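Reading through the structure tokens given below for one structure.
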């Protein structure tokens, strides 16, 4: 049997009244053996009281046999011979340690995850795993290592490595994949994954500086590409307007010179000092 079952326990307040009655009666009849027996029975019954707080439970065992689980809140009384194991039903947070793993491209990265979980099946949590809290920690680390190896840290389109999903930019997709992986791993312990996401992500120290320079170089190349595209468009527009309005007659050589000068002015990363030609176009 691997299914949880609810145990209906006796009302604790009613049994508390019975215990008090036995104690009082036992003390009154202490001079005879009946009084001693009543006191002994009252003390034995005290071991059967169970207090269950909100979002908590008690798993009951009798000589190794699973009896059931109490999930209701309040004071209850059960067989004093029952073994009572406390299992919390509250949502718990787990912030994993930063792990050093390799991403899909083999780059060493530092990664950690934040997990929100809770127990939904007390039988599985109590008996299918040795320690369900330690099980959560170990399986979370294993899931993070697997996830990191499935995706690259970032895209490198300039090298032909253009991935649809990356650890850095695809937050929702990566979180969804992590939740699914963790739920599959933790379901055998009766645990529900409420939320899972990447808590920390960075390149490992030994390649962090090199990767930063690489990202900066990629950004500079992309910016230069946009500048050149804009400059070419502006030069085309200038030549088209001059030709349309017949302001200046330019042969191919002068067009080439004009295009060259405009491209230098528009694409230069430094201020350009223009030279005004007050003479003819031949000088």
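The values are calculated or read from the model by the stated rules, or taken from the named source; none is laboratory data. Predicted, not measured: the structure shown is a model, and the values here were computed from it. A quick note on method: Cβ atoms are made from the backbone with ideal geometry, for glycine too, and the neighbour counts reach across all protein chains shown.
Please verify whether residue 134 is exposed (fewer than 14 other Cβ atoms within 10 Å of the Cβ) and within 19 Å of residue 182 (Cβ to Cβ), treating the condition exactly as stated. In short, yes.
Scanning the range 33-52 for residues that are touching a helix residue (DSSP H, G or I) at 6+ places or on another chain (Cβ under 8 Å), in a strand (DSSP E or B) and surrounded by 14 or more Cβ atoms within 10 Å (Cβ to Cβ) yields 49, 50.
With a requirement of 2 or more residues that are out of contact with any helix residue (DSSP H, G or I) (no Cβ under 7 Å at 6 or more places or on another chain) and under 30 Å from residue 202 (Cβ atoms), the strands (runs of 3 or more DSSP E) lying completely within the range 53-125 that satisfy it span 92-95, 108-119. In the range 46-101, of all residues being over 30 Å from residue 23 (Cβ atoms) and over 35 Å from the mean Cα position of the chain (by Cα), the one that is modelled with the highest pLDDT corresponds to 65.
If you go through the range 101-110 one residue at a time, do you hit one that is in contact with a strand residue (DSSP E or B) (Cβ under 6 Å, 6 or more places away or on another chain) and closer than 30 Å to residue 122 by Cα? Within the range 101-110, none of the residues are in contact with a strand residue (DSSP E or B) (Cβ under 6 Å, 6 or more places away or on another chain) and closer than 30 Å to residue 122 by Cα. Condition (residue is in contact with a strand residue (DSSP E or B) (Cβ under 8 Å, 6 or more places away or on another chain), surrounded by fewer than 16 Cβ atoms within 10 Å (Cβ to Cβ), under 30 Å from residue 43 (Cβ atoms) and without any contact (Cβ under 8 Å) to a residue 24 or more places away in the chain) applied to the range 73-82: is it met by at least one residue? Yes, that holds for at least one residue.
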